[in-house]
Amino acid sequence: MKSYKNQNQLLDDSIAALRLKRQHEIETLKTQYHVVLETLRPSNIIDQSITDISTAFALRGNLKVSIISILGGYLSRKLLVRNSKSLFKNILGYIIQVGVSNLITRRVDPDLRD
């Protein structure tokens with residue numbers, strides 16, 4: 001008879017634990033529902049879209065500046081060094097390429113000035 005009472009007590013404890021777990025999961029589900037509801041509001045969707053578009057244009061601008069500066073440096077090296085076999089001219093050409101690339105970047109994007 002003693003084991004019967006222990007089993008009932010164990011079962012009651014398990015039921016109470018499951019009810020607490022269920023209540024906690026319901027509260028978590030409610031908070032997640034409110035977060036999703038807030039995110040799907042039209043004003044928040046529009047704000048997020050505007051933010052995404054503005055960052056995309058900023059990245060495209062940085063990409064354009066980078067491409068222009070790299071091409072400018074490369075062309076200046078090709079114009080000055082051409083296809084020289086001299087090690088000194090090639091090293092000088094790479095130094096000029098880096099310098100011209102940095103100069104173009106600073107001229108095109110004034111935010112990068114030191």
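The values are calculated or read from the model by the stated rules, or taken from the named source; none is laboratory data. Small disclaimer: the values here were computed from a predicted structure and weren't measured. Heads up, the Cβs are rebuilt from the backbone with ideal geometry, glycines too, and the neighbour counts pull from every protein chain shown.
Things to note:
- Test for Y4: is it of a type outside the set (K, R), modelled with pLDDT under 85 and outside the structural domain of T105 (by TED's automatic domain parsing): yes
- Which numbered condition S84 fails, given (1) assigned to a helix (DSSP H, G or I); (2) touching a helix residue (DSSP H, G or I) at 6+ places or on another chain (Cβ under 7 Å); (3) of a type in the set (S, T, Y): (1)
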